1. Quick one: in the stretch 263-276, of everything that is farther than 14 Å from GLN153 by Cα and of a type outside the set (Lys, Arg), which residue is nearest to the chain's Cα centre (by Cα)?
2. Is there any pair with a first residue in the stretch 163-187 that is under 17 Å from PRO141 (Cα atoms) and a second that is in a loop (DSSP other than H, G, I, E, B) whose Cβ atoms are under 9 Å apart and which are 6 or more apart or on different chains, and what are they?
3. Quick one: which residue in ALA144, ALA151, ALA221 is over 24 Å from MET60 (Cβ atoms) and of a type in the set (Gly, Ala, Ser)?
4. Hey, could you check the stretch 200-209 for residues that are small (Gly, Ala, Ser) and out of contact with any Ser or Thr (no Cβ under 8 Å at 6 or more places or on another chain) and say which is surrounded by the most Cβ atoms within 10 Å (Cβ to Cβ)?
5. Kindly indicate the residue of the stretch 15-44 that is more than 15 Å from the ligand (Cβ to nearest atom) and under 24 Å from the mean Cα position of the chain (by Cα) and also nearest to ASP150 (Cα to Cα) among those meeting that condition.
6. Please go through the stretch 121-144 and give me each residue that is under 20 Å from PRO64 (Cα atoms), within 16 Å of the chain's Cα centre (by Cα) and either small (Gly, Ala, Ser) or assigned to a loop (DSSP other than H, G, I, E, B) (or both), ordered by number.
7. Tell me yes or no: at least one residue of the stretch 43-52 is more than 16 Å from ARG77 (Cβ to Cβ) and small (Gly, Ala, Ser).
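The values are calculated or read from the model by the stated rules, or taken from the named source; none is laboratory data. Quick caveat, the model's predicted, so the values are computed rather than measured. Cβ atoms come from the backbone with ideal geometry, glycine included; neighbour counts cover every protein chain shown.
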Amino acid sequence: MKTVKTIEEVRRQVKEWKAQGLTVGLVPTMGYLHEGHASLIDASHRDNDRTVVSDFVNPMQFGPTEDLDSYPRDMERDAALVEAHGGDLIFAPEPEEMYHDGFSSFVDMTVLTEELCGLSRPVHFRGVCTVVSKLFNIVQPDRAYFGKKDAQQLAVIRHMVDDLNMDIELVGCPIVREADGLAKSSRNTYLSPEERKAALVLSKAIFRGMELVRGGEKDSAAVTGAMKALIEAEPLARIDYVKLVDAATMQQIPTIDRPALCAIAVYIGKTRLIDNFFTEDV
Ligand code: AMP
């Protein structure tokens, strides 16, 4: 297992693998890796001969008041986790390697990015689409792995790959949770012990929503209403959104009459956490 910092080194290594007829999987991450990331690396290791993990806190996807500077980092621990899960190469560029002086080309998307997280994070998906396009161009993987934890991101990237005819198979992987239900996230490290307890309302609300859908509830407002009531009962929680949307278009639907995504974003103190379920998975 090797860590490289330049685009040239990644290209050289991937070319060598491809010349040997090997397949390559890519797992894009922002580092501070946990079992959620590990599940993506495992899936790539299972499906491909070689796995590249990118480890890059992408400044472009953070808004001016967001947590770019405080985002946790630990390259040594990340390298050990990647190695333990069968990854072959970490690409950990500095921001200047990805965005040289005068950088001025962007990949942007309408519609899907104008709902859910796009509303409170207006520059986020432009940053995500741009960096993921760059990573796809740099690594040229056969497959790329994304977590359903970031469900809108997965839908946006699927749409981008389709719109722009990128020849890459996307694999969506299930949400990995802590033993008590909280979805694993690098941002969970921001939580104080008291906030960590309060953060359980997210998964509790998700499990309640799943239960209602499993029981045959078709009225979106009935599902989201029950979830909101649960979250509002927690004093440290502040709802950004609790919504039921069409799983492909991310537009809100009044009735669950097609594959849908139920997604929530909740502030616990200053930390914004997300969770979700797809109605197809309940
Ligand atoms: P991040 O480093 O937070 O940008 O995440 C990198 C990738 O890991 C994204 O595709 C995420 O959806 C995925 N991921 C993060 N947390 C989880 C989790 N708890 N379960 C599954 N995938 C996850």
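1. It comes out as LEU273.
2. Between residues of the stretch 163-187 that are under 17 Å from PRO141 (Cα atoms) and residues that are in a loop (DSSP other than H, G, I, E, B), the close pairs are LEU164/VAL107; ASP167/GLN140; ASP167/ASP142; ILE168/GLN140; ILE168/PRO141; ILE168/ASP142; GLU169/PRO141; GLU169/ASP142.
3. From the options ALA144, ALA151, ALA221, the qualifying one is ALA221.
4. Only one residue tops the list, namely ALA205.
5. Of everything passing the filter in the stretch 15-44, VAL24 is nearest to ASP150 (Cα to Cα).
6. Answer for the stretch 121-144, where residues must be under 20 Å from PRO64 (Cα atoms), within 16 Å of the chain's Cα centre (by Cα) and either small (Gly, Ala, Ser) or assigned to a loop (DSSP other than H, G, I, E, B) (or both): ARG121, VAL123, GLY127.
7. There is at least one residue in the stretch 43-52 that is more than 16 Å from ARG77 (Cβ to Cβ) and small (Gly, Ala, Ser).
So that you can scan it fast, the table gives a plain yes or no per residue for (1) under 22 Å from the mean Cα position of the chain (by Cα); (2) more than 16 Å from the ligand (Cβ to nearest atom):
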site: SER185; (1), (2): yes, no
site: GLY209; (1), (2): yes, yes
site: GLY215; (1), (2): no, yes
site: SER220; (1), (2): no, yes
site: LEU230; (1), (2): no, yes
site: VAL245; (1), (2): yes, yes
